[in-house]
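See below for the structure under consideration.
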Amino acid sequence: MEKKVIIYTQETCPPCFAEKEWLKANNIEFEERDIRKNQSYMKEVMDLGASATPVTVIKTEEGNQVVMGFKEDELSVLLKK
């Protein structure tokens, strides 16, 4: 299984925009889930224990890894960039 990247965002979030730009610049495919446009996405973020966006979930065969906030160094390691 390839890694699947899901990023929970909202329109008024500068770090969300920065992370999406970083992912695009590094040719990393991702699924964006705007928590303001879909209440179930908001619930998913709260269930992860997050209180702010972005929240990134990286799904692999070994399990899920969650990154709270835009942490370029951590994402680089997890996504091997």
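The values are calculated or read from the model by the stated rules, or taken from the named source; none is laboratory data. Computed from a predicted structure; not experimentally measured. Here the Cβ is made from the backbone with ideal geometry for all residues, glycine too, and neighbour counts use every protein chain on show.
So which residues in segment 47-73 are within 11 Å of the chain's Cα centre (by Cα), outside any strand (DSSP E or B) and not aromatic (Phe, Trp, Tyr)? Even if it seems obvious, please write down each step before you answer.
Residues of segment 47-73 that are within 11 Å of the chain's Cα centre (by Cα), as a first pass: 53-59, 65-71.
Right, trim to outside any strand (DSSP E or B) and you get 53-54, 69-71.
53, 54, 69, 71, listed by residue number.
Of the residues 32, 11, 44, which single one is in contact with a Lys or Arg (Cβ under 8 Å, 6 or more places away or on another chain), assigned to a strand (DSSP E or B), over 16 Å from residue 76 (Cα atoms) and in contact (Cβ under 8 Å) with a residue 12 or more places away in the chain? Steps first, answer last, please.
Working: 11 fails: assigned to a strand (DSSP E or B); 44 fails: assigned to a strand (DSSP E or B).
Within the list 32, 11, 44, the selection yields 32.
Do we have any residue at all in segment 14-28 that's among the acidic types (Asp, Glu), within 12 Å of the chain's Cα centre (by Cα), surrounded by 14 or more Cβ atoms within 10 Å (Cβ to Cβ) and over 18 Å from residue 76 (Cβ atoms)?
Checked against the condition, which is being among the acidic types (Asp, Glu), within 12 Å of the chain's Cα centre (by Cα), surrounded by 14 or more Cβ atoms within 10 Å (Cβ to Cβ) and over 18 Å from residue 76 (Cβ atoms), segment 14-28 yields no hits at all.
Going by what's in this entry, would residue 2 be described as farther than 17 Å from residue 66 by Cβ, outside any loop (DSSP other than H, G, I, E, B) and either modelled with pLDDT under 95 or acidic (Asp, Glu) (or both)?
On the way: farther than 17 Å from residue 66 by Cβ: yes; outside any loop (DSSP other than H, G, I, E, B): no; either modelled with pLDDT under 95 or acidic (Asp, Glu) (or both): yes.
So residue 2 fails the test.
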